[in-house]
């Protein structure tokens, strides 16, 4: 949880704005608490020691953010969140109109993930890994990629000729690399420039 | 069924900015084929709303396109700061 302490002359809107500016977040997410009141010798001037905290619950606020966006898009959807190990959070969305949320090649889904990850990491000190899936699209895509990887790797291993897969995003390439990491006969490498990076499966030198 | 794009973009952007009082989302023009929406933010917030290499701005656009595709329109989003 991000927090700071500072001295203020009064407790009002200006104090809140100052705290928000220092914490670099929207002031609606800032909580102020008076730690100590200080009086000057004559008792005329009062100053406060104020503690400002960012109030943010990764799961709750993220679900609210997603739900607000989906409601604005006029899509009825179920949103679930599951915290995982190592600061990883998975979100699962199921709507009556999943294809709209997935988009061509999962483009809209990726956009949702980028925004949500950015949103969460703005408000927290730790760095969170954020995964968003709509209607099992990513899980299914992962399975397909793994089948493709295994099949192509077998071909490469027997023919000893390298093979190039289609362009993929970072996550998809990672799935291929991970799947083939412990193969003895082939190595994998990413080549090309974003957004046209692709994986090459090469026979391993003997 | 009309999606309120101004509200959608406002909800997307508001949590990202430090100065919500300076945030302004306005429909600039609308015809049969497209809608143009102007987003004005405080100078300090511009970088956060656009993101590294336009990552956040593009994500906002992609989500807006998805919402607009249901009514068969294109949506243009202009992001700019005051001054």
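Any read-out appearing in this document is the output of simple, stated calculations on the displayed coordinates, not a laboratory observation. Everything numeric here is computed off the predicted structure, so don't read it as measured data. All Cβ positions, even for glycine, are placed from backbone atoms using ideal geometry, and neighbour counts span all protein chains on display.
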| Roughly what angle does helix B:55-69 make with the longest principal axis of chain B, taking Cα atoms, 0 to 90 degrees, to the nearest 10? | 20
| query | Considering only segment A:82-205, what is the antiparallel percent among its DSSP beta bridges, to the nearest 5? | reply | 65
| task | On a 0 to 90° scale, report how tilted helix A:137-159 is relative to the longest principal axis of chain A, with both axes built from alpha carbons and the result rounded to the nearest 10. | result | 40
| query | What FRET efficiency do you get for residue A:154 and residue A:121 if R0 is 41 Å and r is their Cβ-Cβ distance, rounded to the nearest 0.05? | reply | 0.55
| Fully extended contour minus Cα-Cα distance, from residue A:6 to residue A:104, at 0.36 nm per residue | 30.4 nm
| To the nearest µm²/s, what D does Stokes-Einstein give for chain B at 10 °C and 1.306 mPa s, using the Kirkwood radius over alpha carbon pairs as Rh? | 123
| So for the pair residue A:193, residue A:85, with labels modelled 7 Å out along Cα→Cβ, what separation do we get in nm? | 3.9
| What is the Cα centroid distance between segment A:145-206 and segment A:100-133, reported in whole angstrom? | 26
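Return the average number of partner chain Cβ atoms within 10 angstrom of each residue Cβ along peptide B:5-15.
Working: counts 2, 1, 3, 7, 2, 2, 5, 6, 1, 4, 14.
Mean inter-chain Cβ contacts per residue within 10 Å come to 4.
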| message | Within segment A:142-173, name every residue whose backbone N is under 19 Å away from a label modeled 7 Å from Cα of residue A:185 along the Cβ vector. | response | A:146-165
| Hey, in the GNM for chain A with a 10 angstrom Cα cutoff, which one of A:55, A:67, A:39 fluctuates hardest? | A:39
| Residues of segment A:1-21 with amide nitrogen under 19 Å from the 7 Å Cα-to-Cβ point of residue A:36? | A:3-11
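For residue B:36 and residue B:82 in one chain, what is 0.36 nm times their gap in residues minus the Cα-Cα distance, to one decimal in nm? Show your work: numbers first, answer last.
Numbers: separation 46, 0.36 × 46 = 16.56 nm, distance 1.82 nm.
Result: 14.7 nm gained on full extension.
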| field | Cα Rg over Rh - segment A:121-187, Kirkwood | value | 1.11
| task | For chain A, state what percent of all Cα-Cα pairs lands in each successive 5 Å bin, counting from 0 Å until the bin that includes the largest distance. | result | 1, 6, 12, 12, 11, 11, 10, 9, 7, 6, 5, 3, 3, 2, 1, 1, 0, 0, 0
| field | Distance between segment B:1-53 and segment A:60-95 - C-alpha centres, whole angstrom | value | 21
| task | For residue B:11 paired with residue A:18, estimate the spin-label separation in nm (one decimal), with each label point 7 Å from Cα along the Cα-to-Cβ line. | result | 3.6
